Structures are given as C-alpha cells and as structure tokens.
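A quick write-up on the structure given underneath.
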Amino acid sequence: MLCLSLGDSLAVGVGQKLPECQTEAEVGITSARFIVERLSPARADRVVISLGVNDGESARTLENLLRVRSSVTAQSVVWLLPFGHDPARRAIKTVAARFGDRTIDTGPYVGEDRLHPTDAGYRMLARLVLPISSAAPSWLGQAKP
C-alpha cells in the first residue's frame with residue numbers, strides 16, 4: 001500500500017486530498033478511543049498520523065501515541081502538529097523524535113476555526129506528506145511546498 005492516513009479530522013482531511021491513501025480516521029476521535037476502536041498493525045510505504053488534539057489535558061496522550069506508533073511499519077511516517085494545542089504538540093514531537101519520524105506543522109494552513117486547514121491548506125499538507133515524485137499521482141501537480 002502506498003499511503004495510509006490514521007487518526008482524527010486532520011487525517012480525514014489529508015486523506016481526502018490523497019485518494020490513493022487508505023484512511024482510517026474519524027472526526028473528533030481521541031487517541032484512547034482510536035486504540036480501542038481502530039488500532040491494528042498498519043503497514044504502508046508512507047503513513048500520516050494525526051492524533052492527540054482531542055484528548056484534553058488529563059489524557060494519557062503520550063502513552064497512547066507511543067502505542068499507535070509502535071503498531072506502524074512504514075518507510076516514512078509523518079505526524080501532523082495541530083495548531084495551538086501545546087500538550088498534543090509536545091506528545092507528538094516526543095513520539096516523532098523517538099522513532100525518527102517527520103512532523104508537519106499545520107499552523108500555516110489553518111482556517112478561521114484555528115484548528116482545521118482550509119481546502120488549499122489540506123492540498124498543501126497532502127503535497128508535504130506525499131512529495132512530488134515519479135510515484136506521486138499527477139493530479140498533485142508540480143508546485144513546490
């Protein structure tokens with residue numbers, strides 16, 4: 001499988017812009033609920049993960065994200081950093097650093113709600129997740145991020 005998008009609404013949005021990706025995501029899902037309802041071993045060339053922003057301050061976000069990441073086998077894993085949610089951002093950065101994964105800050109692409117990217121923002125995030133290459137679909141175009 002070329003690509004897999006896992007997690008919450010940000011993963012849903014990116015997955016919609018990457019039709020070759022399988023999307024296992026749900027709007028509003030917490031990392032704990034993702035583990036219970038959706039977690040299974042995942043294998044893909046590229047995996048994008050967005051989880052933690054819906055957890056709140058008292059959740060076991062770091063532990064949950066480590067568990068999710070441990071279930072993933074991929075050549076490349078990219079984490080989406082939600083805008084303005086410091087506890088989730090810290091947990092994501094910790095997990096990404098531990099596994100040598102890449103992070104993409106969604107801040108420059110968010111819309112009026114200050115969390116979800118605009119349509120153009122989701123297109124740009126898709127380009128950043130699956131960079132233009134000979135394996136990328138032609139509809140992504142030739143624009144550089």
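The values are calculated or read from the model by the stated rules, or taken from the named source; none is laboratory data. Here the structure is a predicted model, which means the values were calculated and not measured. So basically every Cβ, Gly included, is an ideal-geometry build from the backbone, and we count neighbours across all protein chains shown.
Below is a table of values for the structure above.
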{"read-out": "Those strands (runs of 3 or more DSSP E) lying entirely in the range 1-110 with at least 3 residues farther than 17 Å from Tyr122 by Cα", "value": "42-50, 72-81"}
{"read-out": "Hits in the range 16-45 - residues which are modelled with pLDDT of 95 or more and among the hydroxyl-bearing types (Ser, Thr, Tyr)", "value": "Thr23, Thr30, Ser31"}
{"read-out": "Complete set of residues in the range 112-121 that are in contact with a Gly (Cβ under 7 Å, 6 or more places away or on another chain) and part of a loop (DSSP other than H, G, I, E, B)", "value": "Arg114, His116, Thr118"}
{"read-out": "The range 17-37: number of residues that are surrounded by fewer than 16 Cβ atoms within 10 Å (Cβ to Cβ) and either in contact with a helix residue (DSSP H, G or I) (Cβ under 6 Å, 6 or more places away or on another chain) or touching a residue at least 24 places away in the same chain (Cβ under 8 Å) (or both)", "value": "4"}
{"read-out": "Unmet requirement for Gly100, which otherwise passes all of (1) surrounded by fewer than 22 Cβ atoms within 10 Å (Cβ to Cβ); (2) touching a Lys or Arg at 6+ places or on another chain (Cβ under 8 Å)", "value": "(2)"}
{"read-out": "Qualifying position, being surrounded by fewer than 24 Cβ atoms within 10 Å (Cβ to Cβ), β-branched (Val, Ile, Thr), under 18 Å from Leu80 (Cα atoms) and modelled with pLDDT of 95 or more, among Val48, Val12", "value": "Val12"}
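Yes/no matrix, rows are residues, columns are (1) surrounded by fewer than 19 Cβ atoms within 10 Å (Cβ to Cβ); (2) out of contact with any strand residue (DSSP E or B) (no Cβ under 6 Å at 6 or more places or on another chain); (3) touching a residue at least 24 places away in the same chain (Cβ under 8 Å):
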residue: Arg69; (1), (2), (3): no, yes, yes
residue: Gln75; (1), (2), (3): yes, no, yes
residue: Leu81; (1), (2), (3): no, no, yes
residue: Lys93; (1), (2), (3): yes, yes, no
residue: Asp113; (1), (2), (3): yes, yes, no
